[in-house]
1. Efficiency by 1/(1 + (r/R0)^6): what FRET value for residue 73 and residue 583, r their Cβ-Cβ distance, R0 = 41 Å, to the nearest 0.05?
2. Quick one: angle between helix 636-648 and the longest Cα principal axis of the chain, in degrees between 0 and 90, rounded to 10, please.
3. What percent of all Cα-Cα pairs in the chain falls in each 20 Å bin, counting up from 0?
4. What FRET efficiency comes out for the pair residue 143/residue 449, r = Cβ-Cβ distance, R0 = 56 Å, nearest 0.05?
5. Distance in nm between label sites at residue 190 and residue 623, each 7 Å beyond Cα in the beta-carbon direction?
6. Quote to one decimal, in nm, the extra length available between residue 491 and residue 674 on full extension: 0.36 nm per residue of separation minus the C-alpha distance between them.
7. For the range 506-563 and the range 609-686, what is the centre-to-centre distance using only Cα atoms, to the nearest Å?
8. What is the diffusion coefficient of the range 199-319 in µm²/s, taking the Kirkwood radius over Cα pairs and the Stokes-Einstein relation at 20 °C with a viscosity of 1.002 mPa s?
Ligand code: SF4
Ligand code: SF4
C-alpha cells in the first residue's frame, strides 16, 4: 500500500540524491505552532495577502490592456494612432541612449526610489513577470508539481551583470570610455563600438507605434513560456527574478538599504510556516530569529509570511536597513558563521556554469535577429540548467530534474536520454547563433572601415575604391554571404533591413551596381515602410549604371507592382518622371506616395509635399501638410514642410508662426533659421531677420571651432 501523501502546504525534508537536504520543519501546536492538533504537523493556512496581491496584479494587467485598447482606438478615424509611451522599465534604455524621457523611465525611477524607501514592493505587487511566474507556479501546484528552487552563489550575480550591461555600460561608454580614448589621443578599436554624442533630454511621452520597441508575438509568446513555465519549473517559483531579471539586478541590492522590512515580535515560536509560505525562497523564520527582521534582498514584500503566521508575530515596519543589521545575539552570530544555505553544486562547478551562462546569453541574444536580452537571459538559464543536469547524468548514479527521474542507480532512463538530446539541440542552437553573429560582427567591422570613401562617391560613374577599401568590402561581403540564408549560399539566416543596407553599400563600393540594386529591392521587403532615401539611391544607381531613364523607370514600376503599399517608391518614380520631362505623370504619381493618407510616415510626407510644391501643387500640398501637422503636432519636419507650403502660398505670417514652433523644439535647426531669416527679410523686418542671421553665424562659428579642435 503506498504511503499516504503529506498534506498540502506542509514542508518536509525530501530525500536528495546528492545526500544533501534542506531541513525545514513545520511544527505543530505542541511544538509552538499555535492552534489545536496534539503535536501533529499543522498545515500552513492559506495566505490572504496572496489574494490581495493577485487582485492588484490582475488590475495591473487590466490597465495594460486598457492602454493597448486606447492606442488602437485612437486611430479609428483613419488618423494616426497615438498613446502614452509603454510603461515598461526597459524603455529607460532609450532615455539613457537617446535622451528620450518616457513613461517607462519615470516608472523605473519611481520603482527604484520606492525600493530604497520601502523595499521591493514594486517587484511583488506591480511586475507582470512576477504575476506570470506566480500564475505558472499556482497552475503547477494544481497539477501536483512543486518546483524546487535552484540554489547557487554565482548565478545570483547574473541580474546585476545584465543591469549593468543594459543601463550602465552605454552611459559609461559615452561619458568615460570615448572621452578617455580621445584624451589619450588613441583611436578607439572598432570592436568597442561608437557612441553618438548625447543629444540632451527631451520628453517622449506620446508614441504612435506602441509596438515599435516590443518584440513581435512569435517572440513574445516563447518569452512568456520560457520566463513563466520553464524557469519556474527548473529554477523555482521566482526563478526568473533570481537569475534572469536585470531590473532585479538593481532592486535587490537597493532593497538592502531600505528601512522598510518584515519584522518580528516576541510571539514567534519558530514554527517555520512563514518559510514554507515564502515563494521567494527566503528562510524567514531563521532571519527573523537571528536579525529580528527579514534581511534577504529576495524578499518582495508579498506579505504571505505575515498572513500565514499562526501567532501574528510578523508585520511590515520600518527598522534599520539590512546593510546595518547585525545578528541579535552571540548564538545568532555563531549560527550565521555557518553556511546559511545549502547549494545545489560545488563552487568550482558554479564558476564553469556562470561562464557557460554568459557565453550562452551573448550567443543566443539576437538569434535570427529576433531574441531580445530578457528572453536570451531566460533561454540561457534553461540551457545552463540543462547542461548542468547532463553533466550530472555523466557523473552521478542518480539524477532528478524536479519531479523527472533522469537516471536511477546508474541507469539513464528514457527521460534522461530525451533530456540529453534536448540539451544538445539547445547548445547547438547557441553555437549556430554565436557563429552567425560573429560573422555579422566581423562584417560590420570591415564595413565601418569602408565608410571613409564618402557617402556619395560610390554613386559617381567611374568610381573605383582604393585597393585597401575594396579588399575590406570584398571580405565583408564574403562574411555576409556565409552568414546569409541557405538560398544565398550561407549557413545563417535572412538579413535584416540594416544588414541589407550594409550589403548594398559594400556592393556599391566594389562597383557591383546590379547586386546593390537587388539588395535595395530586398530592403523594401524586409522593412515595413519604404524609405524615401532608398528610392533616391535607386535613382542614383540607375544614373551610375548609365541606364536609360526608361530602364530605371521599369525597375521602379516592377517594384511598385510587387508591393501592397509602395509608399515612397511612388515618390522616386514621380521624381524620375519629372526628370524625364513627363510632368503629367509626375503630378499623377506624387500624391500616391501618401498611400496611407496623412498617416504615412513623416519622411515620405515631407519629401512628397516638397516635390508637390516644386510642381506647383501648392493648395493640395498645404492642405495635406496642415492635416499631417494636426495629426502629429510635435513632428518638426512636418511643421517645417507646412511653413514651406505657406511660403509657396505667399502666407508669410503663417510661415513665421510655424517656423517659430519648430525653433521652440529645435532652436539650432539651420534650415528653419535660414528660412525664417529669409521670410522676415521679405516681410521687410530687417532687424528680426538680422537676429536670426546672427544665430546662424554663431552656430557655424561654434561648429567650425569644434572641428578645428
Ligand atoms: S514568524 Fe514564522 S516561524 Fe515565527 S511563529 Fe510566525 S510563522 Fe512561525
Ligand atoms: S519574506 Fe515574506 S514578504 Fe518577503 S517574499 Fe517571503 S513571504 Fe513575501
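1. For residue 73 and residue 583, the calculated efficiency is 0.45.
2. Approximately 20 degrees, to the nearest 10.
3. It works out to 13, 39, 30, 15, 3, 0, in whole percents.
4. For R0 = 56 Å, the calculated efficiency reads 0.50.
5. Distance between label points: 5.2 nm.
6. 60.7 nm
7. Computed from Cα coordinates, the inter-centre distance equals 31 Å.
8. Estimated diffusion coefficient is 127 µm²/s.
Each reported figure results from applying straightforward, stated rules to the coordinates on display, with no laboratory input. Only a predicted model underlies this, so the values are computations on that prediction, with no experimental measurement involved. Cβ: placed from backbone, ideal geometry, glycine included. Neighbour counts: every protein chain shown.
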